[in-house]
Amino acid sequence: MAKLYDLQGKRIFVAGHRGMVGAAITRHLNQRGMEALTVDRTELDLLDQAGVKKWISENRPDVMIVAAAKVGGILANDTRPAEFIYENLVIETNLIDAAYRAGVERVVFLGSSCIYPKFAAQPMSEDALLTGPLEPTNEWYAIAKIAGVKLAQAYRQQYGCRYISAMPTNLYGIGDNFNLQGAHVIPSLMRKAHEAKLSGQAAMEVWGTGTVRREFLFVDDLADAVIFLAENYDEPGPINVGVGEDLTIRDLAELVCSAVGFTGTLEFDASKPDGTPQKLLDVKKISSLGWKAKTALDIGLAATYEWYLANQGELRL
Ligand SMILES: NC(=O)c1ccc[n+]([C@@H]2O[C@H](COP(=O)([O-])OP(=O)(O)OC[C@H]3O[C@@H](n4cnc5c(N)ncnc54)[C@H](OP(=O)(O)O)[C@@H]3O)[C@@H](O)[C@H]2O)c1
């Protein structure tokens, strides 16, 4: 199938290149001999509207991938709602408007599966967007991300911009955030299992009942999907990026313990929030374009733990 847009030879600005997702995308672009433009937060704060406009108009990217965002787990989302809604709205608005004004040809905006309603039918198709109430613990982040999807759509509708949105499922992998105050479930479990193993603990605590179901995609697979979509997807609606399979948090915790080599027991703390009962993306749309995730969960967890051990000095803890 002929590509709708060829990234080869284009100047591709990856916003958020130091984050887990942005770093994976930058790595994959470089591996394919493509040019990734990046700028550190110390040189450009994406909350600074005038600064973002100036940088984009001076650096003239052809393509922009929006992997910059204020990101965190349930605890961070629930306790710092103002930061999550404000910073995400401002970052995406600054970037997308500046891209349009500088004539950027393609934008890939990254949302998240938490934009779908808490009780959306499973697996969640792209049509579930705005059909019901959101999960309250991360609604601030979700509202900002929905606004980002709508921004990309509005600029397409009014100005004909070829801007698209991709909705990844829960991600994990190289470069993840292992800070227990802000981390997602896999890095939290991995760090706890690692520390429990080192200190010879008999048991490890896991938040929630362990019964809710989640889907996890290795971040290198997401990077591959983003590059694929930039070249092969050009519709106004968002497109899901997932594996198409989920598992319980109990099964996940067991897989993480096995990757880490922690052999103690798991204690589930049901007083901690579980979040949405199930989160599984319907991946028919991206599958029909010919893209599929490649990395099995046990392989991805082993690669993540190997990286965690080899990069102790550089971890986000
Ligand atoms: N992680 C997941 O499970 C997941 C799942 C679905 C979707 N996503 C989406 O993927 C995207 C990236 O997530 P991630 O996990 O890679 O997050 P991350 O590791 O926290 O990376 C976020 C990046 O954004 C940058 N950033 C935030 N605020 C900024 C600001 N004011 N100015 C400049 N840079 C700023 C950060 O810069 P610093 O490095 O300087 O802090 C960092 O590089 C987000 O849109 C997220 O919604 C993630």
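Scanning segment 44-76 for residues that are touching a Lys or Arg at 6+ places or on another chain (Cβ under 8 Å) and at pLDDT below 95 returns a single hit, Gly72. Listed by first and then second residue, the pairs with beta-carbon distance under 8 Å, at least 6 apart or on different chains, first residue in segment 53-79 and within 25 Å of Cys161 (Cβ to Cβ) and within 11 Å of the ligand (Cβ to nearest atom), second modelled with pLDDT under 95 and among the acidic types (Asp, Glu), form an empty list. Just name the residue that is surrounded by the most Cβ atoms within 10 Å (Cβ to Cβ) out of those in segment 149-179 that are over 23 Å from Ala120 (Cβ atoms) and aromatic (Phe, Trp, Tyr). So the residue we want is Tyr163.
Is there a residue being more than 20 Å from the chain's Cα centre (by Cα) and over 17 Å from Val14 (Cα atoms) anywhere in segment 59-77? Before the answer, list the steps.
In the first step, residues of segment 59-77 are kept if they are more than 20 Å from the chain's Cα centre (by Cα); the result is 59-62.
Adding the requirement that they be over 17 Å from Val14 (Cα atoms) leaves none.
No: zero hits.
Scanning segment 265-317 for residues that are surrounded by 12 or more Cβ atoms within 10 Å (Cβ to Cβ), among the charged types (D, E, K, R) and not in a helix (DSSP H, G or I) gives Lys272, Asp274, Lys279, Asp282, Lys292, Lys294, Arg316.
Somewhere in segment 164-178, is a residue more than 17 Å from the chain's Cα centre (by Cα) and either outside any loop (DSSP other than H, G, I, E, B) or of a type in the set (S, T, N, Q) (or both)? Don't jump to the end; show me each part of the working.
Initial filter on segment 164-178 (more than 17 Å from the chain's Cα centre (by Cα)): none.
No: zero hits.
Does segment 202-218 contain any residue that is under 30 Å from Arg11 (Cα atoms) and at pLDDT 95 or above? Looking for residues that are under 30 Å from Arg11 (Cα atoms) and at pLDDT 95 or above, one finds at least one in segment 202-218, hence yes. Within segment 16-39, how many residues are under 21 Å from the mean Cα position of the chain (by Cα) and more than 7 Å from the ligand (Cβ to nearest atom)? Selection size over segment 16-39: 13.
Could you check segment 304-317 and list, in sequence order, the residues that are of a type outside the set (D, E, K, R) and within 16 Å of the ligand (Cβ to nearest atom)? Before you say what the answer is, go through the steps one by one.
Step one: list which residues in segment 304-317 are of a type outside the set (D, E, K, R), which gives 304-305, 307-313, 315, 317.
Passing the criteria: Thr304, Trp307, Tyr308, Asn311, Leu315, Leu317.
The values are calculated or read from the model by the stated rules, or taken from the named source; none is laboratory data. Everything quoted here is computed from the prediction, not taken from an experiment. Methodologically, a virtual Cβ is constructed for each residue, glycine included, from the backbone with ideal geometry; neighbour enumeration extends over all protein chains shown.
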